[in-house]
1. I want to confirm something. Restricting to region 87-108 and keeping residues that are part of a helix (DSSP H, G or I) and either of a type in the set (Phe, Trp, Tyr) or over 13 Å from the mean Cα position of the chain (by Cα) (or both), which single residue is farthest from LEU26 (Cα to Cα)?
2. Can you name every residue in region 109-132 that is in a helix (DSSP H, G or I) and modelled with pLDDT under 95?
3. Please work out which one of (1) modelled with pLDDT under 90; (2) within 24 Å of PRO127 (Cα to Cα); (3) not in a helix (DSSP H, G or I) is the condition THR13 fails and give its number.
4. Can you find even one residue in region 133-151 that is basic (Lys, Arg), touching a residue at least 24 places away in the same chain (Cβ under 8 Å) and surrounded by fewer than 19 Cβ atoms within 10 Å (Cβ to Cβ)?
5. Just checking, which of VAL53, VAL7 is of a type in the set (A, V, I, L, M, F, W, C) and in contact with a Ser or Thr (Cβ under 8 Å, 6 or more places away or on another chain)?
6. Starting from residues that are crowded, with 20+ Cβ neighbours inside 10 Å and among the β-branched types (Val, Ile, Thr), keep the ones in region 14-45 and report whichever is nearest to SER58 (Cα to Cα).
Amino acid sequence: MKKKKKVMFIASTGGHLSELMQLAPLFKKYDYNIVTEKTKSNLNLIKKYPNRVHYIISGTYTNFKAKLIYPFKLLLNCFISLYLILTIRPDVVVTTGSHNVGPMCCLAKLFHKKIIFIETIANSTTPTRAGRLIYKFADYFIVQWESMLEVYPNAIYGGWIY
């Protein structure tokens with residue numbers, strides 16, 4: 001029997017995670033893991049996908065105090081990401097963003113893993129911060145709006161994820 005590819009699906013909480021979870025029908029094809037931020041809104045994932053969900057620290061920066069703390073959270077997420085890359089050993093990382101997926105994608109690339117980035121459907125004309133960063137080294141960069149091919153000329157137009 002052929003061994004299933006290990007795929008790590010990672011996204012920030014909220015809309016990015018909602019988009020990522022549209023790929024749930026693919027889970028049965030792969031040895032998958034889900035990585036997201038630990039928030040009240042997505043604690044149900046552990047029940048739905050036992051032993052498959054891992055958390056990074058939520059890194060939103062909506063006020064001045066949060067902006068001061070953000071670099072430390074980002075550094076901690078780098079260590080968590082390194083731990084997850086080394087223990088899970090994914091063949092592929094699939095992400096819909098946002099900012100907290102940067103460390104995971106950078107580390108995965110250092111370990112010669114494939115990166116598939118799906119730019120959010122929320123942006124039809126402007127790039128996201130995560131998209132601008134990861135576009136430079138993603139193996140596959142997928143946009144959901146044809147107009148985004150002007151922003152990311154080497155991207156693949158995949159249509160809406162929903």
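The values are calculated or read from the model by the stated rules, or taken from the named source; none is laboratory data. This is a predicted model, so every value here is computed, not measured. Methodologically, a virtual Cβ is constructed for each residue, glycine included, from the backbone with ideal geometry; neighbour enumeration extends over all protein chains shown.
1. Taking region 87-108 as the starting set, the residues that turn out to be part of a helix (DSSP H, G or I) are 87-88, 99-108.
Those still in the list that are either of a type in the set (Phe, Trp, Tyr) or over 13 Å from the mean Cα position of the chain (by Cα) (or both) too: 87-88.
Working: THR87: 22, ILE88: 18 Å.
In this case the residue turns out to be THR87.
2. Here is the first cut: in region 109-132, the ones in a helix (DSSP H, G or I) are 109-110, 129-132.
Within region 109-132, ARG129, ALA130 meet the criteria.
3. (1)
4. Going residue by residue through region 133-151, those that are basic (Lys, Arg) are 136.
With touching a residue at least 24 places away in the same chain (Cβ under 8 Å) added as a condition, the list becomes none.
Within region 133-151 (the criterion being basic (Lys, Arg), touching a residue at least 24 places away in the same chain (Cβ under 8 Å) and surrounded by fewer than 19 Cβ atoms within 10 Å (Cβ to Cβ)), the answer is no, since none of the residues qualifies.
5. Answer to the selection: VAL53.
6. The extreme case among them is THR36.
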